[in-house]
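Step one of this worksheet: look at the structure below.
The values are calculated or read from the model by the stated rules, or taken from the named source; none is laboratory data. Keep in mind that what you see is a predicted model, and the values were worked out from it rather than measured. Cβ atoms come from the backbone with ideal geometry, glycine included; neighbour counts cover every protein chain shown. What goes into the accessible areas is simple: the full protein's heavy atoms, side chains included, and nothing from ligands, DNA or RNA. Shrake-Rupley method; radii C 1.70, N 1.55, O 1.52, S 1.80 Å.
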Amino acid sequence: MATPERPALDSLNNYLPAGNGCWVWQGYIDRNGYGRVYDSTAAQGKRTDWVHRVSYRHYKGPIPERYEIDHTCENTACMNPDHLDVVTKSEHVRRTLDRLGTTDRQKLAAQLRHTGLTYGEIAEALRYASRTGAHDAVQAAIDKGLVDADDVPPPPRLTPEEREDIRALYALGVPQTEIAVWYRLDSSQISRVCNGQSSGHRQRKQGVK
């Protein structure tokens, strides 16, 4: 079986070595800090690709389908193959979260809240122990001035009609977890509503796309 053609070395020579061993790409860098390079040997024809992926394929071999490249040096502009690991998406997420400092995680929590995620969803995404932890992280980001408080919408209160509908669904045997997904609420809030408590909030409705 013929060996797949590899990119010409000339296409990967545009880098500067750094003291920490990184090969810092000197070509085009996208807005997320990743280098891009023109790869004429791609299976689907001439196109651009991330330089760290081209570098890995050239020096180490194919990247398995659905796998990603993790920069162990945490320098997204680096293309040194010794600083690149092939990992699953879940492992990539785990490593990224482990590298986030407290402040970075708080800011990310606030950004996720701005997009409409519930505190429960934020807790799951960022591995907080509970929705309370996620809420506290968002509040800390506001207190530190990392985000504008106006960009973090408070969840509007459920209307009496919505609370009545939730209780009716629960009475019909619909699990609270399914009701929570339908209303984009945290399960704890659904539980309070089903138990007759007056508290409970609803996420701001998103525009239909």
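Here are a few things to note about the model shown:
- Charge dipole (Cα centre; +1 on Lys/Arg Cβ, -1 on Asp/Glu Cβ; no other charges) of the chain amounts to roughly 240 debye.
- Think of the chain as having a plus end and a minus end, set by charges on the Cβ of Lys, Arg, Asp and Glu; of Leu117, His71, Leu169, Leu169 sits farthest toward the positive end of this dipole.
- When the alpha carbon gyration tensor of the chain is reduced to an equivalent ellipsoid, its three semi-axes come out at 46, 20, 15 angstrom, largest first.
- Label-zone membership for segment 101-121, site Glu178, 7 angstrom Cα→C-beta point, backbone N under 19 Å: none
- Extension gain for Thr76 to Asp165 (0.36 nm times residue separation, less C-alpha to C-alpha distance): 27.2 nm.
- Segment 67-171 - Rg and Dmax from Cα coordinates, angstrom: 18.3, 60
- Note on Lys89: aspartates and glutamates with a C-alpha under 19 Å away, same-chain residues under 8 apart excluded, are Asp49, Glu65, Glu68, Asp70, Glu74, Asp98, Glu121, Glu124.
- Cα-projected label distance for Arg99 with Val87, points at 7 Å along beta-carbon direction, nm: 0.8
- Per residue, the solvent-accessible area of the chain (1.4 Å probe, heavy atoms of protein chains only, all protein chains present) comes to 62 Å².
- The chain, helix-only ellipticity at 222 nm - DSSP H runs n ≥ 4, -39,500 (n - 2.57), divided by all residues, nearest 500: -11500 deg cm²/dmol
- Calculated diffusion of segment 78-132, Stokes-Einstein form, Kirkwood radius summed over Cα pairs, 37 °C and 0.692 mPa s, µm²/s: 260
- Cβ-isolated cysteines (cut-off 4.7 Å), the chain: Cys73, Cys194
- Reduced Cα scattering model of segment 32-123, Debye log10 I(q)/I(0), q = 0.15, 0.25 Å⁻¹: -0.71, -1.27
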